[in-house]
Amino acid sequence: MTADPERIAHWRAQLHAARDMLGQLFLASPRPSAYLAKHSQTVDRLLQDIWQNQDLPRAAALVAVGGYGRGEMYPQSDVDVLILTGDDLAETEQGRFEPLIALLWDVGLPIGHSVRRLSECLDEAQKDITIQTNLLEARWLAGDRRLFGEFQRAFQAQLDPLAFFEAKLLEQSNRHGRFADRAMLLEPNLKESPGGLRDLQTVQWVAQAMGLPSQITALAQTGLLQASEARRLNAAARLISELRIRLHLAAKRREDRLLFEFQESLAQQLGLTGQGPRRASELLMQRYYQAAREIGFANELLLGILPQRLYVLAKTSQLEDAPNFLRRDNLLDLADEALYEREPHAIFQTILTLQRHPELKGLAPNAYRALWRASRNIDAAFRRDPANHAAFLAIFREPRGVTLAIRLLHRLGLLGRYLPAFGRITGQLQHDLVHIYPVDEHTLMVLRNLRRLALPELAHEFPLAHRLMREFTRPDLLYFAALFHDIAKGRGGDHSTLGRIDARRFCLGHGLAKPEADLVAWLVQEHLALSRTAQKEDLSDPEVITAFARHCGSVERLTALYLLTMADIRATNPKIWNAWKEKLLRELYLAGRRVLEGGSPVQDDIETRKQQARAALRLYGYEAGVEQVLWAKLDDVYFLRHEAQEIAWQTRRLLPLLKQDAPIVRARLAPIGEGAEVLVYAQDEPGLFARICSFFAAMQYTVLEARIHTTRDGRALDSFLVMDEANRAIPYRDVLSYIEYELAAALKDKKPLDALTGIRLSRQLKSFPIEPEIVLVPSDNGTGYVLSFTAGDRPGLLYDVARILARSKIDVSSAKINTLGGRAEDVFVVNGEDLAQASSRLTLEQALLGTLKLA
């Protein structure tokens, strides 16, 4: 029987009114569990009413499954139902359910449905863990109760708790793997990310499969959770559930990612306001991460305890070298659960014991819980105890397991208790469009990257850095610098300077010698110096290299800074690191080291580079002296800025075409292994740089570096290093040929420099815009001006800047384009007659600010 339109409209209006009322009541008095239950009950009543008004087979039941079966209906959750039929239902009767499904969609229910016979349900549950989990929470709604009861008995009879546990453990591991890069990102998934609601549900499903209660409070009554643990877990689950409800209501769609555009408004709904330099959204996210940590702890603890009800306990033995500890199977356990109350210094000894016994795979549940609770024993007296100082330092000096040990300390809340300053940055966001991890996670990734540089099996990744790390006599000092380099984020002021004070206090307080403390403190203070110099200064200028080397003062400091910088950049955002940045850091390090060891800042003088380039040309059959046709037009600056192989390649590609008046464009895969190197040889004229930038903007390519040179006869010899914005590999023939032909044609056509249209800003930049900053100062050598700016990055930004420069009759002699995630930090060396006038410089700055604010 098909429902009439009036009844459908009535049901739809009833559902919408009920949902609107529930949403308003929740926003007025937020009680997540009450909302979820009442929403489920609302849908229950509607489905039951609809079912009863349909002409359906008697041997069928309507069953709620999944989250709906659990009674947890979020505003935009799917309504998962099973239409269960008896095995003897005729095939022709199955078609009577199709109008029902269509009707449910017409009413406005986002139905996820299946129609299965009883035997089919049982068979598929055996084969698919997802189906089995959904059916575990099955709840009768309408229809044949006897049939549903038969299903429940058969389902429970065939359920193997051990197999179910192992399958859910594997499923969780795979899910964590899929969300590993997003686990602690700026937009976490409230449901699926590690520490999200799915981790709690996994524990509840396993408990339910074992015949235990699934509710948190009931689990505490069984002794699996302590009362204080249950309270904290309930509070964490309540916060994340509340956030998910508010997110669904705000987005008006099923959206489980805590997206940037919702963070500030949700924070305000929770009554949070900004504090000093920290936004309300940052405080909200810090609360989220703390809650996720609680759920993660409970998940790890309970998934360790629950199997003990299924497995035969392994043989237990005492560790000979650590009498306070036991080996329980392949896990470390405590000989006495009151150990940390009696001997607080055993907290760090536990971590050291794990590091020194690689055969142990982790902590037994009792030890894990005891360590979590032991954080309350870390007080001022504990922090002053020299024995604890020595043990903490020893953790960083062990030959293996340093990263895992520090992560374990952090996961258990012990690191933040021992170093209160680290506790304050735990879960602290960085809305700078550069870092995609909270400060604490970024810090631990820097430590991990340093450790990776020391592993022989990873030496192929960064051979120079690996060799330097293996030769560095005190790697623990690098680890301390990593731990403190961002520890003062969010306090206001210069975090490098404030962090240096914390680092020095820590080192001296823990008994490190003054020179060691000085090195750590200097690294924290200067941890941005090498990156800033490499990416913003002209590395072909001997004065830049000499000044930087003198600033470092010693090879030890320079080497330590190089290693820390590599680890730091690679831990900010995977999109930031590329072969070009690695090349710049390596070149600056090697050049600075030559100076500190008494050599020249320039590896090869001009004549040596020419000889090397000539040798390369001879290999291609060019006769001696033929290169002078081009080289006579070039000054010394050109040879200082280019390596010998670049000089040889450009010479080889230009020599046959020098008499050609039309623009010449040649491209190749960049020798650094990523991106393309593009050579442009054309008549120098206003707007040339802007036209080239326009072409690459249309291709959605990022310009990483531009070296602009004018020959003695007025031709532009410019080279660009470009990369696909999505970091995709560049097909050799297709794209390079396209660049050579189309760019040359674009330069020849000389179309007007029109503004780009259809530019879309990133969601993060819309939510957290960057106030642009511009600095325009005379260059140190007095030959031009240095223009630098910081702004939110967007497609076509470089072209817009170049267009303004061209309109202002400003020539660009070099450019370094530094894109850090969604943040642009670009530096240009420019020239122009009008720049001598203060009013002209002011007009230029105002014009640039206008276009940068569009970002």
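Among helices (runs of 4 or more DSSP H) entirely within region 592-664, having at least 1 residues that are hydroxyl-bearing (S, T, Y) and buried (at least 18 other Cβ atoms within 10 Å of the Cβ) singles out 636-641, 644-654. For region 463-483, the criterion of being in contact with a Gly (Cβ under 9 Å, 6 or more places away or on another chain) and in a helix (DSSP H, G or I) is met by no residue.
Is at least one residue of region 274-290 surrounded by 16 or more Cβ atoms within 10 Å (Cβ to Cβ) and over 23 Å from the mean Cα position of the chain (by Cα)? No, region 274-290 contains no residue that is surrounded by 16 or more Cβ atoms within 10 Å (Cβ to Cβ) and over 23 Å from the mean Cα position of the chain (by Cα).
Conditions tested, residue by residue: (1) without any contact (Cβ under 8 Å) to a residue 40 or more places away in the chain; (2) touching a Phe, Trp or Tyr at 6+ places or on another chain (Cβ under 6 Å); (3) crowded, with 18+ Cβ neighbours inside 10 Å.
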site: L412; (1), (2), (3): no, yes, yes
site: Y418; (1), (2), (3): no, no, yes
site: L450; (1), (2), (3): no, no, yes
site: E461; (1), (2), (3): yes, no, no
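Among the candidates S719, S694, the residue that is outside any helix (DSSP H, G or I), under 24 Å from L820 (Cβ atoms), at pLDDT 90 or above and of a type in the set (S, T, N, Q) is uniquely S719. Residue under question is L141, and the condition is that it be of a type in the set (A, V, I, L, M, F, W, C) and not in a helix (DSSP H, G or I); does it hold? Yes; evaluated as a whole, the condition is true for this residue. Reported count of residues in region 488-501, each being in a loop (DSSP other than H, G, I, E, B) and under 13 Å from L528 (Cα atoms), is 1. Scan region 29-59 for residues that are assigned to a helix (DSSP H, G or I) and closer than 25 Å to H10 by Cβ and the total you get is 17. Restricting region 505-546 to residues that are modelled with pLDDT under 95 and among the basic types (K, R) leaves a set whose member that is nearest to D826 (Cα to Cα) is K536. When Q269, Q201 are checked against the criterion of being over 29 Å from G490 (Cβ atoms) and of a type in the set (S, T, N, Q), Q201 stands alone in meeting it. Looking across D4, D55, D87, one residue alone is loosely packed, with under 15 Cβ neighbours inside 10 Å and touching a Leu at 6+ places or on another chain (Cβ under 6 Å). It is D87. Restricting the search to region 338-348, which residues are in contact with a helix residue (DSSP H, G or I) (Cβ under 6 Å, 6 or more places away or on another chain) and either among the charged types (D, E, K, R) or touching a residue at least 24 places away in the same chain (Cβ under 8 Å) (or both)? Passing the criteria: L339, Y340, P344, H345, I347, F348. With respect to being part of a helix (DSSP H, G or I) and crowded, with 21+ Cβ neighbours inside 10 Å, L429 falls outside the description. Quick one: would you say D749 is at pLDDT 90 or above, over 31 Å from the mean Cα position of the chain (by Cα), acidic (D, E) and open to solvent by less than 20 Å² (accessible area, probe 1.4 Å)? Considered against the rule, which asks whether it is at pLDDT 90 or above, over 31 Å from the mean Cα position of the chain (by Cα), acidic (D, E) and open to solvent by less than 20 Å² (accessible area, probe 1.4 Å), D749 comes out as no. The condition of being assigned to a helix (DSSP H, G or I), on the phi < 0 side of the Ramachandran plot, out of contact with any Leu (no Cβ under 9 Å at 6 or more places or on another chain) and of a type outside the set (F, W, Y) holds for only one of E242, E282, E261, that being E261. Applying the criterion of being of a type in the set (G, A, S) and either modelled with pLDDT under 90 or open to solvent by 30 Å² or more (accessible area, probe 1.4 Å) (or both) to the residues of region 323-368, the residue that is farthest from L404 (Cα to Cα) is A338. How many residues are acidic (D, E) and over 26 Å from P277 (Cβ atoms) when one looks only at region 469-501? Final tally of qualifying residues: 2. Cβ separations smaller than 6 Å between residues 6+ apart or across chains give no pair from region 600-614 residues that are in contact (Cβ under 8 Å) with a residue 60 or more places away in the chain to residues that are of a type in the set (A, V, I, L, M).
Checking region 102-113 against the condition returns no match, with no residue being more than 25 Å from Q76 (Cβ to Cβ), open to solvent by 20 Å² or more (accessible area, probe 1.4 Å) and not in a helix (DSSP H, G or I). The number of residues in region 277-319 being hydroxyl-bearing (S, T, Y) and within 18 Å of D329 (Cβ to Cβ) comes to 3. Identify the residue in region 767-785 that is open to solvent by less than 80 Å² (accessible area, probe 1.4 Å) and under 33 Å from the mean Cα position of the chain (by Cα) and, among all such residues, is nearest to L820 (Cα to Cα). Applying the filter and picking the extreme gives I770.
Annotation: of all residues in region 316-331 being of a type outside the set (F, W, Y) and in contact with a helix residue (DSSP H, G or I) (Cβ under 6 Å, 6 or more places away or on another chain), the one that is farthest from P365 (Cα to Cα) is A322.
Each residue in region 547-582 was checked for being outside any helix (DSSP H, G or I), at pLDDT below 95 and open to solvent by 40 Å² or more (accessible area, probe 1.4 Å), and 3 pass. Among the residues of this structure, A157 counts as one that is free of Cβ contacts under 8 Å to residues at least 24 places away in the same chain and either open to solvent by 40 Å² or more (accessible area, probe 1.4 Å) or closer than 22 Å to I83 by Cβ (or both). R424 meets the stated requirement of being at pLDDT below 95 and closer than 30 Å to S531 by Cβ. Annotation: of all residues in region 502-544 being among the small types (G, A, S) and either free of Cβ contacts under 8 Å to residues at least 12 places away in the same chain or in a helix (DSSP H, G or I) (or both), the one that is surrounded by the fewest Cβ atoms within 10 Å (Cβ to Cβ) is A513. For region 301-322, a tally of residues being of a type outside the set (G, A, S) and open to solvent by less than 50 Å² (accessible area, probe 1.4 Å) returns 7. Can you name every residue in region 801-824 that is out of contact with any helix residue (DSSP H, G or I) (no Cβ under 7 Å at 6 or more places or on another chain) and in a strand (DSSP E or B)? Selection gives D811, S813, S814, A815, T819, L820, R823. Among residues of region 171-220 being hydrophobic (A, V, I, L, M, F, W, C), open to solvent by 20 Å² or more (accessible area, probe 1.4 Å) and under 28 Å from A571 (Cα atoms), the one that is nearest to the chain's Cα centre (by Cα) is L185. Can you name the residue in region 805-855 that is charged (D, E, K, R), within 22 Å of D793 (Cα to Cα) and surrounded by fewer than 19 Cβ atoms within 10 Å (Cβ to Cβ) and, of all such residues, is modelled with the lowest pLDDT? Taking the candidates together, the pick is K853.
The values are calculated or read from the model by the stated rules, or taken from the named source; none is laboratory data. No experiment lies behind these values; they were computed from the predicted model shown. Reconstructed Cβ throughout: ideal geometry from the backbone, glycine too, with neighbour counts over all protein chains shown. These accessible areas exclude ligands, DNA and RNA; they are computed on the full protein's heavy atoms, side chains included. Shrake-Rupley method; radii C 1.70, N 1.55, O 1.52, S 1.80 Å.
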